[in-house]
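Colleague: If you scroll down you'll find the structure; I have some questions about it.
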Amino acid sequence: MKNINFWLRFSVLNFFLVAVLGVLMRYKIAYSLPIVDQKHVQEAHSHFAFYGWITQIIYVLIIRYLHGIIPENQLKKYHTLLIVNAVSAYVMVPSFIYNGYFWLSIVASTAALLTSFVFFFFLLRDLKGKQNLAKPWFLGGLFFAVISSVGVFGLSYMMSSGNMTQNLYLASTYYYLHFQYNGFFIFSCIGLLIHSLKQIGAEVSEKDNKMIFWLMFIGCLIGFGLSVLWMKMPMLIFIAIILATIAQTIGAVKLYLVVKKNWTKLVLNYSALQRFVLMYVGFAFFAKTVLQLGSTIPALSQFAFGFRNVVIAYLHLILLMCVSVFLINQILATNVFKMTKPVITGLKLLLLGIFLNEAVLGLMGIFSIKYISIPYTPEILLAVSLLMMFSLLIIFFNLKKKDL
């Protein structure tokens, strides 16, 4: 990709805009801002985070991976999809802020969703017959992106028909979130990790890669049940969900062992900060895996879904601490940009801000068990959001292309 520099910088800008919307939401919680509808801003924030930031950068990094695997002229169609996705994401922000779900925001969301269908079809066709360790992860991730749309179409049908029940509404929402977060986002990141390891000469056998993939794929597919444990279900289905969660945990452990086995090569090829980021993301992924396993206990599951703060903390753990940090590190690891002092400082401040954000949300979730309110949390979370926003601004303005 000749314009890789543009798309990588553009993705960082998008992450910054996600942070700006986050600051706006946090400001409205801490102080008064009558002109802004909180629910509408929240919808703009979540949609742009999904499509403008994470989906966009995953597409960019997959296209970069395709460079050298398929002919240059075949990459042009992916470039068109990047533009369609970006335009759709940018239409979502003002349309959702203006009026929430209405024809324009729905058209933009649908366009972005259908782009993932086309991207999956192109990738499936272009990688046919090609053997590569990252291939199943990218295809698996996009498969989950495609099937997550069932949740969106379910919600659209309920809203348009007026035939909405609380259980079906929640089940459709969690279905979409599960296959985006635990499917598309996580699988794409693992694919990028496996590809990065292979590039530095790390030993990842095809057998281990297949084993980890299928354990996690089946675990994710059936693991949707974890999101709806509050619904009445037969014992056999409940047992299948527990087994799937155990399978996913085994897959996560095997992935950790692959990274551990190749740590010497990582030390030789990665800077101390890059290795720290990998451990940071690894800790978040470990926490996510443990919480997922723990949620098979009915009492813990009821607690998790009964408290909004716990749900928000868990979603931020995956979206920010695990996926977003990994992806921003992947941008810097492309070797396209100079790792200047301001960029390193911005990255360190971002890691601090995301950690503090998760720590405060986590404490709020724990204290909410006893219905204890932590004082000044709206102000603290606003300050943390501002820290994240400014750290991304520092990174964006200091991304300078390396001299060739």
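Colleague: Using only the alpha-carbon atoms of the chain as identical scatterers, what base-10 log of I(q)/I(0) does the Debye formula give at q = 0.06, 0.07 Å⁻¹?
Modeller: Per q value, in the given order, log10 I(q)/I(0) is -0.23, -0.31.
Colleague: Hey, for a label at GLU72 modelled as a point 7 Å past Cα toward Cβ, could you say which residues of segment 1-42 have their backbone N under 14 Å away?
Modeller: From segment 1-42, the list is 1-4.
Colleague: Give me the percent relative contact order of the chain, please, defined on Cα pairs under 8 angstrom at least 6 residues apart.
Modeller: Relative CO of the chain lands at 18 percent.
Colleague: Oh, and also: Given the C-alpha centroids of segment 306-364 and segment 13-30, what is the distance between them in whole angstrom?
Modeller: Each part's Cα centre sits 14 Å from the other's.
Colleague: For segment 236-349, what relative contact order do you get, as a whole percent, if you take Cα pairs closer than 8 Å and at least 6 residues apart?
Modeller: Details: 39 pairs, mean separation 32.6, N = 114.
Reported as a whole number, the value is 29 percent.
Colleague: Using alpha carbon centroids, what distance separates segment 216-280 and segment 165-197, in Å?
Modeller: So the separation of the two Cα centres works out to 12 Å.
Colleague: Moving to a separate point now. So for segment 287-404, averaging the separation of alpha carbon pairs under 8 Å that are six or more residues apart and normalising by length, what relative contact order in percent results?
Modeller: Once normalised by length, the contact order is 35 percent.
Colleague: Taking H placed 1.01 Å from N in the peptide plane, check which residues at least 5 places from PHE337 or on another chain put their amide H under 5 Å from its amide H.
Modeller: Here the answer is LYS402, since their amide H atoms fall under 5 Å of that of PHE337.
Colleague: Give me HIS40, HIS195 sorted ascending by neighbouring Cβ count inside 10 Å, so fewest comes first.
Modeller: Values: HIS40 17, HIS195 21.
Listed from fewest to most nearby Cβ atoms, that is HIS40, HIS195.
Colleague: Apply the Karplus parameterisation 6.51 cos²θ - 1.76 cosθ + 1.60, with θ equal to phi minus 60°, to every residue of segment 252-264 and state each ³J(HN,Hα) to the nearest whole Hz, in sequence, with x for glycine and proline.
Modeller: Here the 3J(HN,Hα) series is 5, 5, 4, 5, 4, 5, 5, 5, 4, 4, 9, 4, 4 Hz.
Colleague: Report, in deg cm²/dmol and to the nearest 500, the calculated mean residue ellipticity at 222 nm for the chain, where each DSSP H run with n ≥ 4 adds -39500 (n - 2.57) and the sum is divided by the residue count.
Modeller: Values: 18 runs with 299 residues, N = 404.
Roughly -24500 deg cm²/dmol at 222 nm, from the helical runs in the chain.
Colleague: With θ set to phi - 60°, apply the Karplus curve 6.51 cos²θ - 1.76 cosθ + 1.60 along segment 112-125 and write out the HN-Hα couplings as whole Hz, x wherever there is a Gly or Pro.
Modeller: Karplus-based 3J(HN,Hα) across segment 112-125 equals 5, 5, 5, 4, 5, 4, 5, 4, 4, 4, 4, 5, 4, 6 Hz.
Colleague: In sequence order, what are the phi-derived ³J(HN,Hα) couplings for segment 218-227 according to the Karplus relation 6.51 cos²θ - 1.76 cosθ + 1.60 with θ = phi - 60°, rounded to whole Hz, with x for glycine and proline?
Modeller: Result, ordered by residue: 5, x, 6, 4, 7, x, 4, x, 4, 6 Hz.
Colleague: Computed from the mean reciprocal separation of all distinct C-alpha pairs, what Kirkwood hydrodynamic radius does segment 287-404 have, in Å?
Modeller: On the way: mean 1/r = 0.0628 Å⁻¹.
Result for segment 287-404 stands at 15.9 Å.
Colleague: Between segment 380-404 and segment 81-130, what's the alpha-carbon centroid distance in Å?
Modeller: So the separation of the two Cα centres works out to 26 Å.
Just so you know, all these numbers are worked out from the coordinates, no wet-lab data involved. Since the structure is predicted, the reported quantities are computational estimates derived from the model, not experimental observations. Reconstructed Cβ throughout: ideal geometry from the backbone, glycine too, with neighbour counts over all protein chains shown.
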